[in-house]
Amino acid sequence: MISFLQTIGRTFLSGLEAIGRVTLFTLKSVLLAIQPPYYPRLILKQMIEIGFYSLPVVGMTAIFTGMVLALQTYTGFSRFSAESAIPNVVVISLTRELGPVLAGLMVAGRVGAAMAAELGTMRVTEQIDALTTLSTNPFKYLVAPRLIAGLIMLPVLVLIADIIGVAGGYLVSVVKLGFNHATYLKNTVDFVQALDVISGLVKAGVFGFIVALMGCYHGYHSHGGAQGVGKATTNAVVTASILILIFNYVVTELFFAR
Amino acid sequence: MSTDLKIKVRGLSKAFGRKVVLNNLDLDVPRGQSLVVIGGSGTGKSVLIKCILGLLTPDKGSIEIDGREMVGASSDQREDAMRKFGMLFQGSALFDSLPVWENVAFGLIEGRGMKRRAAKEIAVRKLGAVGLGPEVGALYPAELSGGMQKRVSLARAIATEPEMIFFDEPTTGLDPIMSQVINELISKCVNDLGATALTITHDMHSLREIGDQAAMIFEGKIVWAGPAGDVDHSGNGFVDQFVHGRAEGPIKMPIRPL
Ligand SMILES: Nc1ncnc2c1ncn2[C@@H]1O[C@H](COP(=O)(O)OP(=O)(O)O)[C@@H](O)[C@H]1O
Ligand SMILES: [Mg+2]
């Protein structure tokens, strides 16, 4: 019984400790990111890596999500003869929730993992130590560009995903369900509000920051050779995904709770 | 006496968990000389260098560089000291995302803010100094053999013409000819730059080639120090055993019969 309580206590404490470490890492990264020197070349490189190269996977996710949304809404809503709400449901679900969350999760798998693997390898092969000996701060050189790029590029990706997703819903509705294409578009545009899109983009910024932060944090602190790098990669994806779902709730609460 | 010490280490202790690696270690590195520290694998040689460089935080003790205390110094002071240092890592630690010339020029471009074109010229010159042609500059580290990587890493360590250079096992894992090439390069670089050098090795041949002074580390302490010429008749049991590579002696290997 005692040892059971001990285990719970220890797990709780190490959990708190981990939160503290991540918080410190975040503060240090942000503080150093806003001080010169800046590395525009590296920021650009990360923006291409995160934004451009994630387009195919995010685009595929968005189009099929939009298509399935239209189809599911139709099968549900046609029972109440409420089919005309399809464009509204599609655009609201996508811009508010599914666009940012699904893009965030896909990017966590793609980019967060790659960051953790890259920084982790640099850590275990002493390349991060080498940076320091060459008078370069690893937080400014490695972490800051990734955080900035994540923060900027995920909203861009989500905006594109919103458009592609709506196009997917439109495609199914018009081609398969026999909607009038002009009415569908008009309903979509009439119904969607700036706040829907903006809240989604704010979420995307938060998620992009989280993905980059977890990739960098786990990579930076990896140890124990190839196995350690593998562990860092897994942890980066898992923690980023969970944090995305948690912060999705938090941001939703901030925007829409009344 | 203390004025012509480049580095003065007193009472340095470092443990990882319960494993004590450095235990109250004292070490003097005289200015302008080449000190070679010998010791078996896993005796804490790399940990010693990393403590001096500030890559690891010691648990206890004092490290003075040019008479300035470094333990507990601000990160600005530490960065200042780092500007005078060059380091050759045990595993080369070349940046695998950058071509060879940018690796060599890294300290000049990022650490000193030099223009890329000017830095590239110097990098090519430094590559020449370690016997590599300009065409090697365009290759990536992964395309080089181990010996070439060591030489590139050496070129990177000397590119900023540091006052003090650290070499962590510069010849380990190289064939005898390449070892000799590296030894000669190190002697030449140190002499040409008039730099102070701290080399860590278990290669006795290296010691004889590049050392002015020698010291031996065992169980976290310096057990002997003296002129490099004296290692063969030091009258010290540890040094004798190490120099002659005997299995019997004060250094016990915990090996049980098969
Ligand atoms: N970051 C670390 N975490 C835990 N143990 C470490 C770490 N770095 C070194 N050690 C331990 O310290 C001891 C000395 O390591 P090191 O200085 O690398 O030896 P060497 O003399 O071969 O360079 C080893 O037993 C190693 O396991
Ligand atoms: Mg070592």
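The values are calculated or read from the model by the stated rules, or taken from the named source; none is laboratory data. All values derive from a computational prediction rather than experimental measurement. Counting neighbours? That spans all protein chains shown, and the Cβs are built from the backbone with ideal geometry, glycine included. Note: areas computed on protein heavy atoms with side chains; ligands, DNA, RNA excluded. Shrake-Rupley method; radii C 1.70, N 1.55, O 1.52, S 1.80 Å.
Overview of results
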item: Flag for B:ASP26 being charged (D, E, K, R), farther than 18 Å from B:ILE158 by Cβ and in contact with a helix residue (DSSP H, G or I) (Cβ under 6 Å, 6 or more places away or on another chain); result: no
item: Residue match in segment B:19-35 (condition: within 8 Å of ligand 1 (Cβ to nearest atom) and over 24 Å from B:LYS188 (Cβ atoms)); result: yes
item: Top-ranked residue of segment B:63-72 - restricted to ones that are under 20 Å from B:ALA195 (Cα atoms), assigned to a strand (DSSP E or B) and open to solvent by 50 Å² or more (accessible area, probe 1.4 Å), ranked as nearest to the other protein chains (Cβ to nearest Cβ); result: B:ARG68
item: Contacts under 9 angstrom Cβ, first residue in segment A:9-38 being within 14 Å of chain B (Cβ to nearest Cβ) and over 21 Å from A:VAL206 (Cα atoms), partner of a type in the set (Gly, Ala, Ser) and open to solvent by 40 Å² or more (accessible area, probe 1.4 Å), 6 or more apart; result: A:PRO37/B:GLY113
item: Every residue from segment B:113-141 that is under 22 Å from the mean Cα position of the chain (by Cα) and either within 18 Å of B:CYS189 (Cβ to Cβ) or open to solvent by 10 Å² or more (accessible area, probe 1.4 Å) (or both); result: B:ALA123, B:LYS126, B:LEU127, B:GLY128, B:ALA129, B:VAL130, B:GLY131, B:LEU132
item: B:PHE95 being at pLDDT 95 or above and either in contact with a helix residue (DSSP H, G or I) (Cβ under 6 Å, 6 or more places away or on another chain) or of a type outside the set (A, V, I, L, M) (or both); result: yes
item: Checklist (1) under 16 Å from the mean Cα position of the chain (by Cα); (2) closer than 29 Å to B:LYS8 by Cα; (3) outside any loop (DSSP other than H, G, I, E, B) applied to B:GLY107, failing item; result: (1)
item: Qualifying residue in segment B:246-257 (condition: aliphatic (A, V, I, L, M), crowded, with 18+ Cβ neighbours inside 10 Å, away from every other protein chain (no Cβ under 14 Å) and away from ligand 1 (no atom under 16 Å from the Cβ)); result: no
item: The listed residue being modelled with pLDDT of 90 or more and open to solvent by less than 60 Å² (accessible area, probe 1.4 Å), out of B:VAL190, B:VAL181, B:VAL243, B:VAL152; result: B:VAL152
item: Qualifying residue in segment B:33-40 (condition: in a strand (DSSP E or B), away from ligand 2 (no atom under 16 Å from the Cβ) and under 30 Å from B:GLU184 (Cβ atoms)); result: yes
item: Qualifying helices (runs of 4 or more DSSP H) (wholly inside segment A:94-145; at least 1 residues being within 14 Å of another protein chain (Cβ to nearest Cβ) and more than 25 Å from B:GLU163 (Cα to Cα)); result: A:113-124
item: Residues satisfying the stated conditions in segment A:168-184, i.e. in contact with a helix residue (DSSP H, G or I) (Cβ under 7 Å, 6 or more places away or on another chain) and open to solvent by less than 90 Å² (accessible area, probe 1.4 Å); result: A:GLY168, A:GLY169, A:TYR170, A:LEU171, A:VAL172, A:SER173, A:VAL174, A:LEU177, A:PHE179, A:TYR184
item: Residue satisfying all of: in segment B:80-91; crowded, with 18+ Cβ neighbours inside 10 Å and within 7 Å of chain A (Cβ to nearest Cβ); farthest from ligand 1 (Cβ to nearest atom) among these; result: B:MET82
item: Pair list, Cβ < 8 Å and 6+ apart or interchain, from segment A:57-81 residues that are crowded, with 16+ Cβ neighbours inside 10 Å to residues that are aromatic (Phe, Trp, Tyr); result: A:GLY66/A:TYR170; A:ALA70/A:TYR170
item: Selected residue (only one of B:LEU94, B:LEU56 is crowded, with 18+ Cβ neighbours inside 10 Å, within 16 Å of ligand 2 (Cβ to nearest atom) and touching a residue at least 24 places away in the same chain (Cβ under 8 Å)); result: B:LEU56
item: Single condition B:SER41 does not satisfy, out of (1) modelled with pLDDT of 90 or more; (2) open to solvent by 30 Å² or more (accessible area, probe 1.4 Å); result: (1)
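Conditions tested, residue by residue: (1) within 16 Å of ligand 1 (Cβ to nearest atom); (2) within 14 Å of chain A (Cβ to nearest Cβ); (3) outside any loop (DSSP other than H, G, I, E, B).
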{"position": "B:VAL9", "(1), (2), (3)": "yes, no, yes"}
{"position": "B:GLY42", "(1), (2), (3)": "yes, no, no"}
{"position": "B:SER46", "(1), (2), (3)": "yes, yes, yes"}
{"position": "B:CYS51", "(1), (2), (3)": "yes, yes, yes"}
{"position": "B:GLY61", "(1), (2), (3)": "yes, no, yes"}
{"position": "B:ARG78", "(1), (2), (3)": "no, yes, yes"}
